[in-house]
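The structure appears right after this line, and notes come after that.
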Amino acid sequence: MAELSKRPVARPGANMRLIEALQYRLPLAALVSILHRASGMLMFFLLPFIVWMFDTSVSSEISYDAFTSVFVAGALGLPGVLFKLVALALIWAYLHHAVAGLRHLWMDATHSVTKQQGHSSAVATFVISIGLTVVLGAKLFGLF
């Protein structure tokens with residue numbers, strides 16, 4: 001019988017600590033992919049807030065006035081800026097998820113799987129999603 005090897009086995013949680021895992025420098029394409037999943041989860045968990053915003057904004061003129069006052073004066077003891085920040089997070093999540101999803105579709109359709117194409121499409125994803133978020137965030141906070 002062959003003797004079992006004494007090599008260490010890499011098992012999640014057994015050999016690697018979280019701090020060691022965070023020291024890895026991930027490529028930009030990996031960050032886009034991780035943030036694509038995170039933005040989808042953020043939109044899912046904030047779905048009640050999205051439904052509330054939609055319902056309140058289209059029910060009546062009075063409810064629309066109440067809706068807009070939440071973003072100015074706040075509600076439930078929370079300042080209006082907090083609601084604007086949550087809405088800004090939703091804007092980023094939607095834009096990033098949409099642009100990253102289009103990136104994945106483009107890569108699947110064109111078989112663009114080289115390291116350089118992945119990096120350049122990841123840069124484009126970040127530039128487009130963050131740029132649009134800045135523009136819509138400026139509009140949300142009343143800068144124009």
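Before moving on, here are some points about what is shown:
- Any hit, the stretch 66-75, residues being more than 27 Å from Leu26 (Cα to Cα) and of a type in the set (S, T, N, Q): yes
- Applying the criterion of being part of a loop (DSSP other than H, G, I, E, B) and farther than 21 Å from Phe141 by Cβ to the residues of the stretch 56-77, the residue that is modelled with the lowest pLDDT is Gly77.
- Ile34 vs. criteria modelled with pLDDT under 85 and part of a helix (DSSP H, G or I): no
- Which listed residue, of Thr125, Thr110, Thr133, is surrounded by fewer than 14 Cβ atoms within 10 Å (Cβ to Cβ) and either of a type in the set (S, T, N, Q) or out of contact with any strand residue (DSSP E or B) (no Cβ under 8 Å at 6 or more places or on another chain) (or both): Thr110
- From Gly101, Gly118, residue being at negative phi, in a helix (DSSP H, G or I) and either at pLDDT 95 or above or surrounded by fewer than 18 Cβ atoms within 10 Å (Cβ to Cβ) (or both): Gly101
The values are calculated or read from the model by the stated rules, or taken from the named source; none is laboratory data. Treat the numbers as computed from the prediction; the structure is a model and nothing was measured. Neighbour counts are summed over all protein chains in view; Cβ atoms, including those assigned to glycine, are modelled from backbone coordinates with ideal geometry.
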